[in-house]
C-alpha cells in the first residue's frame, strides 16, 4: 500500500497536503503512509539516499520536505532534506525557491540559519576527511599503495588536488556516489590504477564519516542513532 501511495503521489507538495489533512483531522493511517513516503525520499542512510529516483532531486521538493519535517515532527527526514537544500544558492535558500506551479516555497529564518551553518560544517568536514587525505597522496612516501608511474602520477595528483579545490572547494554535493575522481577531471589527470583506487577509497570512506555526522551538522542531534530514537518517540 505504501508503494502505491508513493507512486501515485509524485510531488512532495501533495504529500505535505495529505499530511496537513491527516494532522488536522487526526487520521493516523494517512499520516503513517505519508511519513513512510517521506522517509523513502529522505532516508537515514547514504546508500538509500544515493539510490533514490532522480525525480526526488527537485530542490523545491527539499524545501517542502524540510517544512514537513519541522512542522509535523518528522526529525529523521531533516538531515537529508536540509543537506539537499544546501545545494541551493544562498539567495535562493534565504528567499525561497519556486515549485513546478510557480509557488514560492520559503523556510523559517531559524531553519535557514541551520542550513547555512550546516553547509559550513559540511565543507569543514570535507576538507578534513576528503581533501586533506587525498592531498597526502601527492607525497610519495605517504602513498599507501605502490604506484605504476610515480613521476606522472605525482604531477597528475598535484593538478587534480588543485582543480578540485579550485572548482569544487565550496561544493557540498560530494555525498553522492559520483566522486570527483569519476568526473571529467579524471580524463585530464589519468592516474595509474593503484593511485586511482586509493583516491576513490579515501573519498568513499570520507563520505561515510561525514554522513554519520549529518544530524550534528544541522544541529538536530549528536548522531543518527540519537535522531532515530527521537523520531520513534514522536
On the basis of being at pLDDT below 90 and farther than 22 Å from residue 230 by Cα, does residue 100 make the cut?
yes
For the stretch 63-74, the count of residues that are assigned to a helix (DSSP H, G or I), in contact (Cβ under 8 Å) with a residue 40 or more places away in the chain and buried (at least 20 other Cβ atoms within 10 Å of the Cβ) equals 6
With the first residue restricted to the stretch 152-167 and required to be assigned by TED's automatic domain parsing to the domain that holds residue 123, and the second required to be in a helix (DSSP H, G or I) and loosely packed, with under 14 Cβ neighbours inside 10 Å, Cβ contacts under 8 Å at 6 or more apart or on different chains are 154/140; 159/188; 163/188
Within the stretch 168-193, residues being part of a helix (DSSP H, G or I), modelled with pLDDT of 75 or more and out of contact with any helix residue (DSSP H, G or I) (no Cβ under 8 Å at 6 or more places or on another chain) number 2
The condition of being more than 21 Å from residue 220 (Cβ to Cβ), without any contact (Cβ under 8 Å) to a residue 60 or more places away in the chain and not in a loop (DSSP other than H, G, I, E, B) holds, among 37, 47, 29, only for 29
Take residue 122 and tell me if it is crowded, with 20+ Cβ neighbours inside 10 Å, modelled with pLDDT of 90 or more and closer than 22 Å to residue 19 by Cα. no
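The values are calculated or read from the model by the stated rules, or taken from the named source; none is laboratory data. Just so it is clear, the structure is predicted and the values come from calculations on it, not from any experiment. Cβ coordinates were reconstructed from backbone atoms using ideal geometry, including for glycine residues, and neighbour counts include every protein chain displayed.
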